[in-house]
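A short write-up of the structure that comes next.
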Amino acid sequence: MYCAGGKELIKENNFETLQLGSFVEKDFPYISTSMDASKLGASFPKDNISARTLALKLGDSSYVCFDTDLLRWTVAWTGEFLPMYLMPQVSYKDYYNKGNKTAQIAGTPKLATGLYPGWTAGAPVFKDIRPGVGKQDIPVWGPLAAKDGHWNGVYVYRNQAVLSYQVSNSQLYEMVTAAPFAGEKGFQRNFRIQPNQENLYLTAAEVADGSDVKISDRISYVFHGNKKDSVTAVAVIGPGAKTNIVDKRYLSVEVPSAGSSREVAVLVWKGPFSKLKDFEAKAASGKPAPFPGFQKGGPAIWKGSVFTQGKLGADSEDYVIDQVTLPVPNPWKRNVRLADVAFWPDGKAAGVTFSGDVWIIEGISADLKKVKWTRFASGLHESMSIEIRHNDVYVYDRDGITRLVDLNKDGMADYYENFSNVMEQSPESREWAGSMALGPDDCFYISKGGALNAGDGPTPFAAKGFRTGSIQSGSVLKVSKDGKSVEVLATGMRGPFIGMNPQTGVLTASDQQGNFVPSTPLFLIKKGHFYGVPATRHGTGSREPDKPLTWIPHNVDRSAIAQTWITSDKMGPLNGDLIHFSFGRPGLLRVLFDTTGDGTVQGGVSFIKAAYTAPTSKGTINPKDGMLYISGFNLWGSSANGISALQRLRYTGLPSYRPNKFEVGTQGVVIRFDSPLDEKAATEARNYRVKRWNYLRTEEYGSGHYKLDGTPGQESLPVLKSYLSADKKAVFLLIPDVRVTEQMEVLYDISAADGRAMQDGFWFTPKSVEPLSLNAYGFGTVDFALLTDKAAIAKAAEHLVDVVSAEHGKAMFEKLACAGCHSTGTQVDGMYGPPLKGILGKRREFSDGTASVANEKYLKESILDPPVKRVKNYSGEMPSYVGVVSDSDIESIILYIKSL
């Protein structure tokens with residue numbers, strides 16, 4: 001099904017039958033990971049957790065985690081490599097598995113250092129000297145100050161990694177090799193050191209229970225263990241360096257200043273005292289390992305390409321989905337869960353996967369008949385964003401922003417350059433490196449997740465639903481052009497994902513409904529503002545949170561991701577619009593803006609219906625064809641069945657029928673559509689149902705709906721009369737008592753002038769309500785006197801009554817997006833909540849150890865107050881439906897569940 005020569009094409013993806021290799025590939029020299037090495041044993045430092053490391057595979061069952069923030073060895077060990085604990089790893093083959101843990105080693109620890117620089121200039125240092133230490137009330141998770149040290153990046157040459165970093169004003173390259181001797185396993189650190197003006201000091205290991213030491217210039221070691229029968233030793237190989245031990249604890253190496261480059265090696269080992277002579281002999285006969293020509297680039301690791309044939313959607317609607325088939329299966333048995341794509345001006349693309357791979361995509365054409373996929377990079381750390389800047393590829397992941405450089409132009413990245421790691425990143429599994437956008441100022445803008453509480457974590461509990469994480473969790477940041485500095489633009493978010501208008505610089509962000517986030521908000525980001533989540537406020541003061549551009553109800557978008565602007569002139573009515581991506585639904589929402597007379601900007605959304613086959617997370621315009629390309633992968637409970645896809649939203653030229661403009665005022669609501677409307681249907685007031693409600697921001701997950709007086713429920717507003725504009729494209733709904741509220745919903749069941757049925761909705765947030773000026777629309781004579789006619793209002797409200805039936809219950813089940821978390825059959829995989837088929841009468845065991853039988857009372861309680869009785873082994877991430885559903889709605893839903 002795949003080949004390097006292109007004779008065969010992959011025409012469809014079947015993830016269910018996909019045969020995958022190991023997440024850890026034997027031909028690539030490392031993986032990127034966090035590392036908790038705080039519980040290695042009595043001989044090792046306790047304060048030892050790293051958020052960013054390269055886990056190097058050395059051969060001979062020897063491994064090292066190099067901390068790129070502190071330029072130190074977090075831990076070196078032998079035996080087994082790493083258990084696959086992190087989110088991309090546990091879900092690599094088990095696509096819906098969210099049961100990740102903190103990363104730990106699987107083998108036997110040999111060496112470790114604590115939270116302090118691995119290298120210093122002028123004198124050894126054994127304390128954390130990073131900016132922020134002692135100045136903030138939570139731990140620091142970030143790099144050293146540039147004057148003390150800087151991570152430059154890593155070169156990949158065949159199966160060898162060469163580390164590049166700066167210590168003070170000195171450039172160092174490091175290549176680690178296994179050093180076996182006499183049945184023991186040592187570690188050899190090979191250095192190429194450029195001219196240095198100051199003495200440099202390497203801390204090679206820390207022994208927490210050292211009892212005695214022996215020190216010489218060439219070899220030093222620490223005795224430990226109850227009988228002093230174990231040693232940890234360090235030796236220098238080559239001239240110009242000497243060893244030392246400080247406080248019977250820190251094994252140190254001094255490298256004197258020099259005016260020329262030189263190569264030196266440091267041999268470190270932990271083992272029985274009986275093998276010390278063998279270690280000394282190994283050091284005496286050793287030589288620094290020769291560095292390969294890494295700065296010129298090495299041979300390609302992944303040879304050949306994979307070719308796929310896409311599938312065009314039938315031109316039956318104004319916007320249709322085309323499938324760009326993914327390169328699975330492939331010769332490397334690699335999973336391809338595509339997280340984001342970016343384009344060069346000629347239409348060539350780069351795509352990044354959640355597993356940390358980058359693919360170059362060529363041959364995207366109108367018919368998608370032959371698309372070429374070539375592996376370009378790997379080893380990235382939970383990567384979800386990619387951009388092209390000045391023709392270079394940049395990836396944002398937990399390690400920061402990496403520039404991928406192909407040194408020898410053979411189609412594979414040889415140098416993974418650290419463009420910027422100045423943003424803080426904790427090892428908390430839900431502190432996502434969420435999204436990245438390139439601004440018109442040539443700066444990168446990024447968002448970071450809010451360190452959500454997913455059980456035990458490496459940082460302290462902060463608030464319900466949150467752990468402490470870093471000082472920049474739940475924030476939107478701006479990274480300078482050169483990557484050397486970062487500016488916090490906005491704080492107080494749970495799980496922000498951003499969008500940037502590349503022409504105007506308008507910056508938007510969504511947030512994830514959950515604790516302290518009552519429903520999905522969409523924000524216009526303003527510098528220095530706070531957006532509502534106390535756990536991620538980070539010292540921004542006590543002012544009230546900014547109001548969103550618009551709220552989006554749970555049933556419309558329960559899980560928001562990024563946004564993008566349609567900067568093309570090829571997308572028909574969507575040209576120039578802001579598009580919001582819903583992971584949970586899945587699908588795209590068109591965002592409309594209404595600027596009131598007092599300057600308030602308020603927004604609303606409508607759904608762009610199409611056959612989305614996988615979660616829709618991020619999208620970008622292809623500058624060559626002008627179409628929108630959408631990437632996404634499944635994991636967190638999307639209603640989509642597909643595991644991953646690259647989809648093209650293509651404009652067919654057929655008529656569009658969705659809203660394109662709105663205004664809200666004291667007299668009612670104006671909604672303008674893309675196509676003319678049928679006059680009879682559009683002017684029948686009963687064809688519209690209008691509701692409004694507020695949310696309640698609390699520590700609980702999501703929010704119910706509340707009337708304007710604070711009581712639970714939604715208020716139905718009667719439409720007294722509907723008017724059609726002169727061009728038949730806009731309607732004015734005459735509605736009494738329109739006021740500022742957090743959410744309004746207009747559902748309509750009308751027809752277009754060409755007979756097309758239009759049954760849909762529009763959701764918006766009126767933040768400012770002033771009298772409307774309707775003259776420009778040509779609605780004719782509007783009877784405003786009806787707004788105060790109590791009899792007319794009562795008559796218009798007569799039909800706003802819910803029915804009780806299983807059919808209505810099914811409709812509510814679908815409207816509330818219950819199927820995204822609860823199977824109507826017996827499916828468990830990928831579901832946040834238990835299956836519902838046959839649930840009545842079954843015994844339910846709860847997370848607090850209690851149990852009961854599922855009856856109608858239990859179902860009603862579970863809908864209205866989910867946290868009270870959470871079923872064992874299931875997530876508590878279900879919002880309350882207090883005020884969202886009426887008593888008749890609940891009765892209908894229960895009837896529907898009974899019918900399953």
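Looking only at the range 288-302, decide whether some residue is within 28 Å of the chain's Cα centre (by Cα), among the polar types (S, T, N, Q) and outside any loop (DSSP other than H, G, I, E, B). For the range 288-302, residues within 28 Å of the chain's Cα centre (by Cα), among the polar types (S, T, N, Q) and outside any loop (DSSP other than H, G, I, E, B): absent. Quick check on Trp373: is it buried (at least 23 other Cβ atoms within 10 Å of the Cβ) and either of a type outside the set (Val, Ile, Thr) or on the phi > 0 side of the Ramachandran plot (or both)? Yes: the conditions hold for Trp373.
Yes or no, residue by residue, for (1) touching a strand residue (DSSP E or B) at 6+ places or on another chain (Cβ under 6 Å); (2) under 27 Å from Thr53 (Cα atoms):
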{"position": "Tyr416", "(1), (2)": "yes, yes"}
{"position": "Ser426", "(1), (2)": "yes, yes"}
{"position": "Ala433", "(1), (2)": "yes, yes"}
{"position": "Ile446", "(1), (2)": "yes, yes"}
{"position": "Ala454", "(1), (2)": "no, yes"}
{"position": "Gly457", "(1), (2)": "yes, yes"}
{"position": "Asp482", "(1), (2)": "no, yes"}
{"position": "Gln503", "(1), (2)": "no, no"}
{"position": "Thr508", "(1), (2)": "yes, no"}
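Taking the range 425-440 as the range and being closer than 15 Å to Leu489 by Cα and either among the acidic types (Asp, Glu) or assigned to a loop (DSSP other than H, G, I, E, B) (or both) as the test, only Gly439 passes. Please find, within the range 756-809, the residue that is surrounded by the fewest Cβ atoms within 10 Å (Cβ to Cβ) out of those that are among the polar types (S, T, N, Q) and touching an Asp or Glu at 6+ places or on another chain (Cβ under 8 Å). The residue in question is Gln759.
The numbered conditions (1) of a type outside the set (D, E, K, R); (2) more than 30 Å from Lys39 (Cβ to Cβ); (3) surrounded by 18 or more Cβ atoms within 10 Å (Cβ to Cβ) are all true for Thr504 except (3). In the range 331-343, the residues that are closer than 15 Å to Ser631 by Cα and touching a residue at least 60 places away in the same chain (Cβ under 8 Å) form Cβ pairs under 6 Å with partners that are of a type in the set (Lys, Arg) and surrounded by 24 or more Cβ atoms within 10 Å (Cβ to Cβ), at six or more places apart or across chains, as follows: Asp340/Lys618. With respect to the stated conditions, Arg130 fails to be within 25 Å of Leu380 (Cβ to Cβ), in the same structural domain as Lys46 (by TED's automatic domain parsing) and modelled with pLDDT under 95. Taking the range 525-536 as the range and being of a type outside the set (Val, Ile, Thr) and out of contact with any Ser or Thr (no Cβ under 6 Å at 6 or more places or on another chain) as the test, the residues that pass are Lys526, Lys527, Gly528, His529, Tyr531, Gly532, Pro534, Ala535.
Just so you know, in the range 656-702 the residues that are basic (Lys, Arg) and part of a loop (DSSP other than H, G, I, E, B) include one that is nearest to Thr600 (Cα to Cα), and it is Arg697.
For the range 165-179, indicate whether the set of residues that are out of contact with any Pro (no Cβ under 9 Å at 6 or more places or on another chain), among the hydrophobic types (A, V, I, L, M, F, W, C) and outside any strand (DSSP E or B) is non-empty. Checked against the condition, which is being out of contact with any Pro (no Cβ under 9 Å at 6 or more places or on another chain), among the hydrophobic types (A, V, I, L, M, F, W, C) and outside any strand (DSSP E or B), the range 165-179 yields no hits at all.
Only one entry in Asp217, Asp229 is touching a helix residue (DSSP H, G or I) at 6+ places or on another chain (Cβ under 7 Å) and more than 14 Å from Leu111 (Cα to Cα), namely Asp229. In the set Asp209, Asp217, only one residue is surrounded by fewer than 22 Cβ atoms within 10 Å (Cβ to Cβ), outside any strand (DSSP E or B), touching a strand residue (DSSP E or B) at 6+ places or on another chain (Cβ under 8 Å) and without any contact (Cβ under 8 Å) to a residue 40 or more places away in the chain; that residue is Asp217.
Checked against (1) in contact with a Gly (Cβ under 9 Å, 6 or more places away or on another chain); (2) in a strand (DSSP E or B); (3) under 18 Å from Pro256 (Cα atoms), Glu198 passes all but condition (2). Taken as a whole, the condition of being buried (at least 20 other Cβ atoms within 10 Å of the Cβ), touching a strand residue (DSSP E or B) at 6+ places or on another chain (Cβ under 9 Å) and not assigned by TED's automatic domain parsing to the domain that holds Thr765 applies to Pro518. Restricting the first member to the range 377-388 and to residues that are of a type in the set (D, E, K, R), and the second to residues that are outside any strand (DSSP E or B), the beta-carbon pairs closer than 8 Å and six or more apart or on different chains are Glu382/Leu86; Glu382/Met87; Glu382/Pro88; Glu382/Phe354; Glu382/Gly356; Glu382/Arg398; Glu382/Trp432.
Inside the range 703-728, residues that are in contact with a helix residue (DSSP H, G or I) (Cβ under 9 Å, 6 or more places away or on another chain), crowded, with 19+ Cβ neighbours inside 10 Å and among the small types (Gly, Ala, Ser) make up a count of 3.
The set of residues in the range 293-316 being loosely packed, with under 13 Cβ neighbours inside 10 Å and aromatic (Phe, Trp, Tyr) is empty. Against the numbered list (1) buried (at least 23 other Cβ atoms within 10 Å of the Cβ); (2) in a loop (DSSP other than H, G, I, E, B), Gln563 comes up short only at (2). Go through the range 626-675 and give me each residue that's surrounded by 21 or more Cβ atoms within 10 Å (Cβ to Cβ), β-branched (Val, Ile, Thr) and over 30 Å from Asp783 (Cα atoms). Correct list: Ile630, Ile643. Quick check on my filter: what residues within the range 357-370 are surrounded by fewer than 24 Cβ atoms within 10 Å (Cβ to Cβ) and in contact with a Ser or Thr (Cβ under 6 Å, 6 or more places away or on another chain)? Residue satisfying the conditions is Ile360 alone. Beta carbons closer than 9 Å, at least 6 apart along the sequence or on distinct chains, pair a first residue in the range 120-148 that is in contact (Cβ under 8 Å) with a residue 40 or more places away in the chain and assigned to a strand (DSSP E or B) with a second that is buried (at least 19 other Cβ atoms within 10 Å of the Cβ) and among the hydrophobic types (A, V, I, L, M, F, W, C) for Thr120/Val167; Thr120/Leu200; Thr120/Leu202; Ala121/Val167; Ala121/Leu200. Within the range 447-464, being surrounded by 24 or more Cβ atoms within 10 Å (Cβ to Cβ) and in a strand (DSSP E or B) holds for Ser447, Lys448, Leu452.
Is it fair to say Arg430 is basic (Lys, Arg), more than 27 Å from Ala161 (Cα to Cα) and touching a residue at least 60 places away in the same chain (Cβ under 8 Å)? Yes; evaluated as a whole, the condition is true for this residue.
The values are calculated or read from the model by the stated rules, or taken from the named source; none is laboratory data. Everything numeric here is computed off the predicted structure, so don't read it as measured data. Note that each Cβ is placed from the backbone with ideal geometry, even for glycine, and that neighbours are counted across all protein chains shown.
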